[in-house]
Protein chains: 2
Amino acid sequence: MTDGESDALQIRLWLRLLGSTNAMEASLRASLQERFATTMPRFDALAQLSRAPDGMTMGQLSERMMVTKGNITGLVERLAADGLVERRVAPDDRRASIVRLSGEGRRRFTEMAPHMRQWIEDLFAAMSRDELEALYQMLGRARQSVQIAKTGQPVFEEG
Amino acid sequence: MTDGESDALQIRLWLRLLGSTNAMEASLRASLQERFATTMPRFDALAQLSRAPDGMTMGQLSERMMVTKGNITGLVERLAADGLVERRVAPDDRRASIVRLSGEGRRRFTEMAPHMRQWIEDLFAAMSRDELEALYQMLGRARQSVQIAKTGQPVFEEG
DNA sequence: GGCAGATAGTTTAAGCATAAACTTTCTCGA
DNA sequence: TCGAGAAAGTTTATGCTTAAACTATCTGCC
């Protein structure tokens, strides 16, 4: 299902949205793999954890990464095996465990983050600031629209 | 990495693009699963094949779905096992095989397509036509930008 | 205190996706 | 004509992802 022309605007829009996102994701994935031999989910996990110096629970990490908890189990296992994160049982709840960046994990993230930022900026380099802002705005509207479709009610919007 | 506020516009834009697309994809995936017990890749394959009455090669299908050929092998195997597609060796090239919809596959796609269309339209229901067109336009620009980033040159643009 | 139900996380089964190595077949030029 | 290299698919290894079933622990209420 590639960009057609006879379909409804919404269909073409969806295909273009999906196509653009996938193209960018593929490019970023390739850069991460080539330069740092890592993946988007691993980078995302480190990014989330970098904002929580005291760590967070597996459940919190799964919420922020917007994936299921079962997913996090394996991801954190692999990151821990590579020494990038540390886990300990939560002091107040023996069901829960707190995961946080190790020193090495923080160092690695600090090294990768500016490159990632640059790669993202490069992808949008041919767009003017006005175009970037217009796109940002319209994507906000799209997000609202999806929320309304899902819940029947819009959600509080910061941006 | 959820929508921040202190980051560069490009970063926030990327996160919002990824988040919006993923939210829509999750919604469509859930609908397809619930109503038709199928998946996006399977639906996409049927959609591509529905436009080629005489079928196409595995390689052509992989190009149109924008995934690797190795991926297609398994996907077509599963669709064939369910009787939705048929494969035969290409008459002029014994390396290649032609895959096309079976009668059942065509019937199934014809049944699903209008629902899929409706679900997509529902997701964008809270946006005006002007907004939809503005978003479509800006995504076209984004796609150009990614192409330029990748190849150094823009690509012919229909829409 | 103790039990019912909720919550945190893990496991399992299945599918999607990639890259890289591989097999088979084809093509083209010397 | 035949051989080198290209092209079509497949296989393999690895990782991401989900939904659903499961274990262990906690919480609140009687």
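The values are calculated or read from the model by the stated rules, or taken from the named source; none is laboratory data. Here the structure is a predicted model, which is why all the values come from computation and not from measurement. Cβ: placed from backbone, ideal geometry, glycine included. Neighbour counts: every protein chain shown.
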Review point. Could you say which residue among B:MET112, B:MET56, B:MET116 is in contact (Cβ under 8 Å) with a residue 40 or more places away in the chain, within 14 Å of another protein chain (Cβ to nearest Cβ) and within 12 Å of DNA strand D (Cβ to nearest atom)?
Key: B:MET56
Study note, to complete from the structure: Within the stretch B:32-58, the residues that are away from DNA strand C (no atom under 12 Å from the Cβ), within 20 Å of B:GLU111 (Cα to Cα) and surrounded by fewer than 15 Cβ atoms within 10 Å (Cβ to Cβ) are B:GLU34, B:ARG35, B:ARG51, B:PRO53
**Study point:** Every residue from the stretch A:128-158 that is modelled with pLDDT under 95, more than 7 Å from chain B (Cβ to nearest Cβ) and surrounded by 11 or more Cβ atoms within 10 Å (Cβ to Cβ)
**Key:** A:GLN147, A:PRO154, A:VAL155
Practice item. Could you list all residues from the stretch A:59-109 that are among the hydroxyl-bearing types (Ser, Thr, Tyr), more than 14 Å from every other protein chain (Cβ to nearest Cβ) and either touching a Lys or Arg at 6+ places or on another chain (Cβ under 7 Å) or more than 9 Å from DNA strand C (Cβ to nearest atom) (or both)? Key: A:SER97, A:SER102
